[in-house]
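Here's the structure, in structure tokens; my notes come after.
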Amino acid sequence: MPSTRPPLQNHAAIVTGASSGIGLAVAEALANAGDAVAVNYRSQPVPAEELVRRITDRGGRAIAVQADVSQEADVTRLFEEASAAFGRVDLLVSNSGVQKDAAVADMSLADWNTVIDVNLTGQFLCAREAVRRFRAQPAAGRPARSAGAIIAMSSVHEIIPWAGHINYAAAKGGVRMLTRSLAQEVAPDGIRVNAIAPGAIRTPINKEARDSEEALTKLLRLIPYGRIGEPEDVARAAVWLASDDADYVTGTTLFVDGGMSLYPEFRDNG
Ligand code: NAD
């Protein structure tokens, strides 16, 4: 008889940037799969606390933790609070991200730095803390085959160049190599490191690209599968990558993009 045990039972996760969009959906899906979840937010406590309430009302475990992922001390505190609440941390979903778009000639150093600090340095700080924790936890009583797993929220722009967004594309390109290099480094510790590359997902980050009928039509031309993605499309991929079903998967990026990275411009012979 197939097991009805939730795939992430007794597991504990930290999801950064989980008060909106993809992070919120990922945190909720992980909780539904049995994970205890630290719901990180930077500046929006209300949706984070509402999510925590939804999870605990259903009998799950969750806490909300304020932290800015670009600040070293905040990241340390985030992991300390999660460990104190759940006794362990088995999964990091490093999801926080920002966009500060401008043509290169108009891009301020501040906007360059903000995007690199949050989208790339934030990934480094969180991954470093996760590796330290995973290594320090005893093997006995582990809820998963791996000693810990990291999922970095990347983007199709880890491979697709993006004019007018060079800070964002440079950061996501960095996430691609951070994921692969880190996976190589920590695989002998039994730690898995992967990335998810969403395409166009319906969240606050890209509201403008969907706002008008014209913008939507233009966007849909880039998506062979013919629809905008939903945060839950990404959340289901994250649950799988976090679970033992993906135990032999490390150092790769799972594209959840309706085919956006398949060079759709070449559909009609280029
Ligand atoms: P979103 O704006 O809803 O989510 C981003 C989250 O990051 C927010 O909750 C925000 O508070 C948080 N955040 C920002 N700065 C932070 C900081 N310094 N510390 C902690 N948290 C911080 O947008 P989203 O689409 O859900 O984005 C989530 C991730 O998915 C991002 O990394 C984004 O680059 C990536 N992504 C999104 C899409 C898409 O189409 N929506 C496509 C590709 C990649």
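A few points about this structure:
- Portion, in percent, of the accessible area of the chain that falls on carbon or sulfur, probe 1.4 Å: 53
- Expressed as a fraction of 2.2 N^0.38 Å, the C-alpha radius of gyration for the chain is 0.99.
- HN-Hα J in Hz across the range 249-262 - Karplus 6.51, -1.76, 1.60, θ = phi - 60°, x for Gly and Pro: 9, 8, x, 10, 10, 9, 7, 10, 9, x, x, 4, 8, 9
- Interchain or long-range residues, amide H under 5 Å from Ala62's placed H: Val37
- Placed amide H near Val98: partners under 5 Å, 5+ positions off or other chain: Asn119
- Only Lys, Arg (+1) and Asp, Glu (-1) charged, at Cβ; the chain dipole about Cα centre in debye: 640
- Annotation: per residue accessible area for the chain equals 48 Å², rounded to a whole number [probe 1.4 Å, protein chains only].
- Within the range 79-188: Cβ-based charge dipole about Cα centre, in debye rounded to nearest 20 (Lys, Arg +1; Asp, Glu -1): 580
- Cα long-axis angle, helix 45-57 against the chain (0 to 90 degrees, to the nearest 10): 50
- Straight-line reach from Lys172: taking Cα to Cα under 18 Å and skipping same-chain neighbours fewer than 8 places apart, the aspartates and glutamates in range are Asp101, Asp111, Asp117, Glu158, Asp257.
The values are calculated or read from the model by the stated rules, or taken from the named source; none is laboratory data. Predicted model, so just to flag it, every value in this text is computed and none were measured. Cβ atoms come from the backbone with ideal geometry, glycine included; neighbour counts cover every protein chain shown. Please note that ligands, DNA and RNA were not included when accessible areas were found on the heavy atoms of the full protein model with its side chains. Shrake-Rupley method; radii C 1.70, N 1.55, O 1.52, S 1.80 Å.
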